[in-house]
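Let me begin by presenting the structure, written as structure tokens, before commenting on it.
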Amino acid sequence: MIVPRRGFAALIPTLILSFVLMIAAITASEHGLTIRQATIQREDALIAWHRALSCTSVSLLLLAQDFYYLPSPDGDEVALSLSESCTITSVQKAGGEVMVMTVGHAGKSVSRIEARIGMRGNALPSLISWKEL
């Protein structure tokens, strides 16, 4: 007795179609993962920048309280919240201006800011300019 093979002809296109759809799904998920990682990196860079800028504001406050403020050689870590911090790395005085360097970290991102602060007479320190390095 001969067994008919009608199902074999339908099986091959089904396997090919399943393979093609599986490749398409893997490619789409990989692309989505890549986009998500890039988005997280941009968010981390923005958070690091905000942390460094926050440290610049803290340095203004510290200089208003003590004109002779200098961070430790390793930098002064500033707690912004329970889990977030930034570092004031250096304060250099020249004439009526002060150059302050701050660093903020988030994930793998690092942001460094150099700020020029005006210190004239008994007036409170004021931010003249800043740039990200």
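The values are calculated or read from the model by the stated rules, or taken from the named source; none is laboratory data. Bear in mind the structure is a predicted one, so any value in this text is a computation, not a measurement. Here the Cβ positions follow ideal geometry from the backbone for every residue, glycine too, while neighbour counts run over all protein chains shown.
Computed quantities for the displayed model
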| quantity | calculated |
| --- | --- |
| Condition check for residue 62: modelled with pLDDT of 90 or more, within 30 Å of residue 97 (Cβ to Cβ) and over 24 Å from the mean Cα position of the chain (by Cα) | yes |
| Unique match (being surrounded by 10 or more Cβ atoms within 10 Å (Cβ to Cβ), assigned to a helix (DSSP H, G or I) and out of contact with any Asp or Glu (no Cβ under 9 Å at 6 or more places or on another chain)) among 52, 115, 24, 10 | 24 |
| Considering residues of segment 65-94 that are among the hydroxyl-bearing types (Ser, Thr, Tyr) and assigned to a loop (DSSP other than H, G, I, E, B) only, the residue surrounded by the most Cβ atoms within 10 Å (Cβ to Cβ) | 69 |
